[in-house]
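Beneath this line is the structure, given in structure tokens, with notes to follow.
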Amino acid sequence: MSSKVSFFGKQVIIRTDSLYWKNPDKIFDSELYTAMLHNYLLDLRNKDSDFIKIFPTSDLKEQERLSLLLMKTLSKYPREDALKIKPELKSLLKDIYTTDQFVENFYNFWRKHERFLVTESNDFENGNEDIDKRPYRIFNDTIEQLNHLVRKIYRDIRENTTGEHPIIYRQVPAGCQVGVIATQKETLLPDKYNNLNKIKIIRQVLIEPPLIINPPNNKRKGVFKLVDSNPIEGFDFTDSEWLCFPAKVGELVIYLYFHSFYTNIAISTANLFELCTDEDLKKRPDGIYAFGVTDEQVAKFAPDKTVYFEDTENGIMVGAIPIADEFGYFGYVKKMMLTLYNSIMIRRGRMPVHGAMTRITMKNGKEANVIIFGDTGTGKSESLEAFRSLSADNLKDLKIIFDDMGSLEVTKDGKIKAFGTETGAFVRLDDLDAGYAFGNIDRSIIMSAHMVNARAVLPITTLEDILYGYEPDYFLYANNYEEVTDGNYISFFSTPEEAMKVFKEGKRMAKGTTNEKGLVGAYYANVFGPTQLMDAHEPIAKKTFNAMFKTKIKVGMIKTQLGIPGKENNGPKNAAQALFNLILKK
């Protein structure tokens with residue numbers, strides 16, 4: 001068995017090629033258990049906890065030895081027998097309640113960590129070459145077995161300490177919350193990127209929801225700089241510290257390579273993008289993103305650290321961000337991948353859309369494909385979710401095509417088709433109805449729940465729907481900063497030029513989801529590709545808006561008022577009601 005344990009803050013990452021966890025002694029004798037006991041005792045000492053007083057010595061090494069001996073002995077024998085077998089545990093077993101709470105506290109200390117188990121094969125050694133072909137068995141033999149074993153050890157120790165059985169049993173994921181199967185796979189990476197071939201590729205992910213994580217940061221700042229040289233060229237990737245999440249970003253394949261430091265937020269990608277199939281891996285990737293390189297690797301781009309490069313020779317967009325707490329926010333995963341997507345779409349002649357699109361079908365037969373266009377915090381998702389709640393009695397179906405980013409294609413016959421990127425959503429909990437968050441908690445990954453800009457990542461649609469290519473009926477700019485005083489929440493533009501002026505300015509009242517404050521603007525509300533490739537984007541935008549007006553798509557503005565204090569809830573609801581009335585009159 002080969003295993004490696006890494007700690008990054010409250011993250012614990014176990015990488016192993018062992019498929020079986022059936023013996024408590026295997027846990028007690030592991031590097032992980034020793035390290036956790038060490039950290040637990042250090043924590044108690046730092047807090048000057050009374051638990052330290054149960055030890056007959058102040059020597060940390062001896063305290064660790066006695067703690068391990070205590071756990072091992074109580075996992076097999078009742079307290080009275082333990083005292084006879086190991087008399088050196090007398091001080092630790094003197095008071096039943098104190099011993100019980102010492103154990104309970106250690107169990108809780110462990111469970112407060114974010115725990116990830118990666119099962120991998122090493123170049124087809126150990127008979128594990130097909131572990132990704134039997135994921136149910138592998139997950140059952142690894143993470144499920146580990147969860148069962150940790151609960152068993154915990155319960156046995158407490159029962160042997162107190163002499164009593166629990167009355168209430170809570171089947172929590174006591175071992176690990178996330179299981180990953182990663183294998184060596186052949187890819188069609190260009191020769192220039194051969195140094196990435198040694199990194200194992202994730203093939204399956206198991207999540208025990210709700211998964212609650214606390215990344216080191218809860219905001220994103222700045223933009224991703226398009227640079228003139230490859231940010232990962234010459235970088236030495238240590239395969240034991242990196243994994244690859246091959247993602248389907250719309251129709252594209254983008255390989256997300258991430259350092260173990262970013263495991264919690266990188267794995268959360270499983271709720272946002274589809275994992276590539278084996279067939280997808282037979283194609284050359286459209287993009288590569290290295291999340292967790294060294295500062296030295298991007299030093300030549302200073303002061304910029306969040307950078308990407310257009311490798312025209314190989315037809316690949318390449319992004320890179322270094323290891324640092326300031327980049328420990330899911331937005332740096334999501335938005336870089338979408339920046340790569342948008343940049344590729346611009347090169348292919350499509351207009352990226354920073355917005356949300358839904359296909360609405362009413363019970364009376366009326367249908368509408370609605371795109372709400374706008375930057376972060378403008379009320380796109382909030383208005384559509386409010387629409388779902390308000391029109392429940394009249395709504396037959398509400399299908400999400402994209403929640404944050406998509407693209408528009410002008411077909412050869414002049415029609416507009418819209419495509420999505422994500423099968424999940426990264427939603428801001430502060431602006432959503434509480435019922436929405438709790439109603440989806442059974443499949444959510446929740447981030448920074450105790451902070452401003454608390455977020456959840458949850459699956460909301462399918463790859464089939466985002467790739468279908470729906471024709472929009474309404475294309476509405478989300479205005480979150482102007483108050484409605486005349487009852488008109490939706491208005492329409494009469495010419496492409498009038499519309500483009502508003503969309504191009506990209507104004508919004510910043511909501512604190514980035515480091516921006518007050519009324520700000522961005523080119524087409526999209527600093528994720530269009531801003532970097534403005535010259536290429538401008539004629540595409542003009543062509544797209546002209547086509548929208550020629551095909552009678554209603555282009556206008558919807559006032560969500562989300563950025564106005566006191567209007568955060570009723571603003572999107574009123575906008576949704578206006579949209580509802582509009583569709584009924586269609």
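Miscellaneous remarks
- Qualifying residue in segment 512-528 (condition: in a strand (DSSP E or B), within 26 Å of the chain's Cα centre (by Cα) and crowded, with 16+ Cβ neighbours inside 10 Å): yes
- Filtering segment 529-586 to residues that are under 30 Å from the mean Cα position of the chain (by Cα), among the polar types (S, T, N, Q) and buried (at least 18 other Cβ atoms within 10 Å of the Cβ) leaves 531, 532, 560, 561.
- Counting the residues of segment 155-172 that are closer than 17 Å to residue 115 by Cα and part of a helix (DSSP H, G or I) gives 0.
- Selection status of residue 361, free of Cβ contacts under 8 Å to residues at least 40 places away in the same chain and not in a loop (DSSP other than H, G, I, E, B): yes
- Residue in segment 307-320 that is within 16 Å of the chain's Cα centre (by Cα), more than 23 Å from residue 464 (Cα to Cα) and among the small types (Gly, Ala, Ser) present: no
- Enumeration of residues in segment 436-491 that are touching a residue at least 24 places away in the same chain (Cβ under 8 Å) and among the charged types (D, E, K, R): 442, 443, 455, 465, 471, 473, 482, 483
- Residue that is surrounded by the fewest Cβ atoms within 10 Å (Cβ to Cβ), among those in segment 364-392 that are assigned to a loop (DSSP other than H, G, I, E, B) and free of Cβ contacts under 8 Å to residues at least 24 places away in the same chain: 365
- Answer residue from segment 3-55, given it is closer than 27 Å to residue 262 by Cα and aromatic (Phe, Trp, Tyr) and is surrounded by the fewest Cβ atoms within 10 Å (Cβ to Cβ) among those: 20
- Residue satisfying condition, being assigned to a strand (DSSP E or B), within 22 Å of residue 251 (Cα to Cα) and either at pLDDT 95 or above or hydrophobic (A, V, I, L, M, F, W, C) (or both), within set 406, 414: 406
- Options 410, 353; residue that is of a type in the set (A, V, I, L, M) and buried (at least 24 other Cβ atoms within 10 Å of the Cβ): 353
- Among the residues listed as 70, 117, 74, 83, the single one being out of contact with any Asp or Glu (no Cβ under 9 Å at 6 or more places or on another chain), touching a residue at least 60 places away in the same chain (Cβ under 8 Å) and not basic (Lys, Arg): 117
- Some residue of segment 57-69 being in a helix (DSSP H, G or I), at pLDDT below 95 and over 16 Å from residue 158 (Cβ atoms): no
- Of the strands (runs of 3 or more DSSP E) that lie entirely inside segment 194-253, those containing 1 or more residues that are buried (at least 21 other Cβ atoms within 10 Å of the Cβ) and at pLDDT 95 or above span 201-207, 211-213, 242-249.
For (1) modelled with pLDDT under 95; (2) aromatic (Phe, Trp, Tyr), each residue gets a yes or a no:
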| site | (1), (2) |
| --- | --- |
| 507 | yes, no |
| 523 | no, yes |
| 531 | no, no |
| 561 | yes, no |
| 564 | yes, no |
| 567 | yes, no |
| 572 | yes, no |
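- Residue selected from segment 56-78 under the condition crowded, with 18+ Cβ neighbours inside 10 Å and not polar (S, T, N, Q), by the criterion nearest to the chain's Cα centre (by Cα): 71
The values are calculated or read from the model by the stated rules, or taken from the named source; none is laboratory data. Note that the structure is predicted; figures quoted are calculated from it, not measured. With ideal geometry, Cβ positions are generated from the backbone for all residues, glycine too; neighbour counts draw on all protein chains shown.
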